[in-house]
Amino acid sequence: MGSGTVFPMKEIDDKPGGVSGAVSVRGLVKHYGETKALDGVDLEVREGTVMGVLGPNGAGKTTLVRILSTLLAPDAGQATVAGYDVLRQPRQLRRVIGLTGQYASVDEKLPGWENLYMIGRLLDLPRKEARARADALLERFSLTEAAKRPASTYSGGMRRRLDLAASMIGRPAVLFLDEPTTGLDPRTRNEVWDEVKAMVGDGVTVLLTTQYMEEAEQLASELTVVDRGKVVAGGGIEELKARVGGRTLRIRPVDALELGPLAGYLDDLGITGLATTTVDPASGTLLVPILSDEQLTAVVGAVTARGITLAAITTELPSLDEVFLSLTGHRASAPQDTVPVDDREEVAV
Ligand SMILES: Nc1ncnc2c1ncn2[C@@H]1O[C@H](COP(=O)(O)OP(=O)(O)O)[C@@H](O)[C@H]1O
Ligand SMILES: [Mg+2]
């Protein structure tokens with residue numbers, strides 16, 4: 001994959017140019033003994049966009065993020081971030097990135113404010129600026145009231161927000177979020193999503209890894225699906241959803257007797273997705289395949305025009321499992337042969 005590609009190498013002190021994407025990855029390989037954590041990965045993230053890297057446990061997501069943030073050296077291949085080469089310009093590269101790992105990186109014993117101030121100082125900010133930045137980011141992530149409390153007293157969501165704030169101290173151009181909401185409850189997950197959306201609104205480029213199709217749908221404009229160290233699919237979210245059969249619209253008419261006739265009616269209209277509409281008698285609902293928001297609107301319009309009253313209406317995304325099955329022919333749930341991610345040695349570059 002991309003083995004013949006020649007990439008222009010920048011001079012050591014060269015400013016990043018606008019030639020390549022914010023993140024450019026060519027033929028990246030990383031092996032751990034027999035395990036091919038990355039087996040020739042190509043990836044391109046355009047400036048100001050959010051790339052979702054979707055894959056099950058053990059797919060190689062964290063390995064990719066660690067290489068891109070210079071914590072780990074690849075065995076082969078090339079990667080640049082904001083124009084800086086991961087191997088040749090690690091110092092410059094680190095100055096323009098932010099990283100939020102799967103495991104919290106804040107110091108539990110320190111108050112939120114101290115955590116942020118300390119990181120600012122580590123990034124060589126003058127005291128005054130580090131102080132101002134800590135204040136501003138606590139405010140920004142709604143943590144001002146908890147500023148003086150040790151992070152150990154924070155809820156899961158607060159901790160994750162502090163993590164995000166920490167990754168923003170250096171005003172990164174590119175932000176890596178490695179499974180930012182894994183282990184969070186749905187409400188907290190929504191909070192984190194809102195924060196990430198706001199950050200993207202500020203113009204930062206994001207590479208986000210996730211195990212959740214729904215998270216990718218919420219945050220990413222483009223998706224790279226990885227499995228066992230390889231890219232198995234990539235493209236726009238809509239395009240990929242269409243490839244795996246889109247979403248399912250679930251509607252429940254007040255009158256269950258409408259179910260059968262309505263299913264036939266919708267299929268005859270030809271306004272739905274590729275699969276046929278099915279009736280789920282147990283829940284009294286109709287499962288309508290849809291490929292786009294336009295189809296969703298058309299179906300609801302057709303039902304309304306027929307004078308049918310609806311008691312409930314929801315849409316369901318394909319699960320990661322369904323996406324995988326459709327793209328790879330096997331289930332996403334990989335055998336549990338993975339090692340704990342937090343015990344790995346770090347490679348100083
Ligand atoms: N330090 C390591 N030593 C041995 N194997 C590792 C190490 N780090 C990761 N792996 C293996 O590489 C594969 C990819 O891991 P990882 O990048 O953590 O995947 P993900 O983040 O997608 O869950 C897994 O099979 C994992 O067990
Ligand atoms: Mg991981």
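What percent antiparallel are the DSSP beta bridges of the chain, to the nearest 5?
Bridges in the chain that DSSP calls antiparallel: roughly 65 percent.
Using only alpha-carbon positions, what ratio does the radius of gyration of region 27-117 give when scaled by 2.2 N^0.38 Å?
1.22
Between the helical axis of 186-201 and the dominant principal axis of the chain, each derived from Cα atoms, what acute angle in degrees is found, rounded to the nearest 10?
For helix 186-201, the angle is close to 60 degrees.
For E114, E222, write out the residues from largest to smallest accessible area, computed with a 1.4 angstrom probe and no ligands counted.
From most exposed to least exposed: E114, E222.
R171 to L87: extension gain in nm, 0.36 nm per residue of separation minus the Cα-Cα distance?
Contour length minus the Cα-Cα distance gives 28.0 nm.
Compute, for E322, the solvent-accessible surface of its heavy atoms (probe 1.4 Å) with the complete set of protein chains present, and express it in square angstrom to the nearest 10.
100 Å²
Positive end of the dipole of region 5-241, charges at C-beta (+1 Lys, Arg; -1 Asp, Glu), about the Cα centre: which of G40, P111, M168 has its Cα farthest in that direction?
Of the options given, the answer is P111.
Quick check: with the 1.4 Å probe, what order do W113, W193 take by accessible area, largest first?
Per-residue accessible area, sorted high to low, gives W113, W193.
Work from the charge dipole of the chain (Cβ charges, +1 for Lys and Arg, -1 for Asp and Glu, about the Cα centre) and give the residue of A311, F141, L291 farthest towards its positive end.
Positive-most Cα among the choices belongs to F141.
Classify region 247-316 as rounded, prolate or oblate from the Cα gyration tensor: take a ≥ b ≥ c as the square roots of its eigenvalues, call it rounded if a/c is under 1.5, otherwise prolate when a/b beats b/c and oblate if not.
Judged from the Cα gyration tensor, region 247-316 comes out rounded (a/c under 1.5).
If you place +1 on the Cβ of every Lys and Arg, -1 on the Cβ of every Asp and Glu, and leave all else neutral, what size is the dipole of the chain about its Cα centre, to the nearest 20 Debye?
Using Cβ point charges on Lys, Arg, Asp and Glu, the chain gives about 1020 debye.
With a 10 Å cut-off between alpha carbons and a GNM built on the chain, which of D39, D202, D135 moves the most?
For the chain, modelled as a Gaussian network with Cα springs under 10 Å, the answer is D202.
Say R0 is 35 Å: what FRET efficiency, to the nearest 0.05, do T297 and T182 get from their beta-carbon distance?
Efficiency, from the Cβ-Cβ distance: 0.60.
May I ask for the angle, rounded to the nearest 10°, between helix 156-168 and the longest principal axis of the chain, with both axes built from Cα atoms and the value confined to 0 to 90°?
In the chain, helix 156-168 runs at an angle near 50 degrees to the longest axis.
Relative contact order, percent, of region 247-316 when contacts are C-alpha pairs under 8 Å separated by at least 6 residues?
So the answer I get is 49 percent.
Can you send over the carbon and sulfur percentage of the accessible area for region 5-241, probe radius 1.4 Å, protein chains only?
Using a 1.4 Å probe with all protein chains present, region 5-241 comes out at 51 percent carbon and sulfur.
With +1 on the Cβ of every Lys and Arg and -1 on the Cβ of every Asp and Glu, and nothing else charged, how large is the dipole of region 219-307 about its Cα centre, in debye rounded to the nearest 20?
280 debye
If each of E139 and A198 carries a label point 7 Å out from its Cα toward its Cβ, how far apart are those two points in nm?
1.2 nm
Hey, any idea what Rg/Rh is for region 94-159, computing Rh the Kirkwood way over Cα pairs?
Ratio value, two decimals: 0.95.
Divide by every residue of the chain the summed helix terms, -39500 (n - 2.57) for each DSSP H run of at least 4, and state the resulting mean residue ellipticity at 222 nm, rounded to the nearest 500 deg cm²/dmol.
Rounded to the nearest 500, the figure is -10000 deg cm²/dmol.
Calculate, for region 41-172, the solvent-accessible area per residue in square angstrom, rolling a 1.4 angstrom probe over the heavy atoms of the protein chains.
Result: 44 Å² per residue.
Which values of log₁₀ I(q)/I(0), to two decimal places, follow from the Debye formula for the chain at q = 0.15 Å⁻¹ with a uniform point scatterer at every Cα?
-1.24
Taking all protein chains together and a probe of 1.4 Å, list E34, E214, E108 from the most accessible to the least accessible.
E34, E214, E108
The values are calculated or read from the model by the stated rules, or taken from the named source; none is laboratory data. It should be emphasised that the depicted structure is a prediction, and the values quoted were computed from it without experimental measurement. Ideal geometry is used to build each Cβ from the backbone, glycine not excepted, and the neighbour counts take in all protein chains shown. Accessible surface areas use protein heavy atoms only, side chains included; no ligands, DNA or RNA. Shrake-Rupley method; radii C 1.70, N 1.55, O 1.52, S 1.80 Å.
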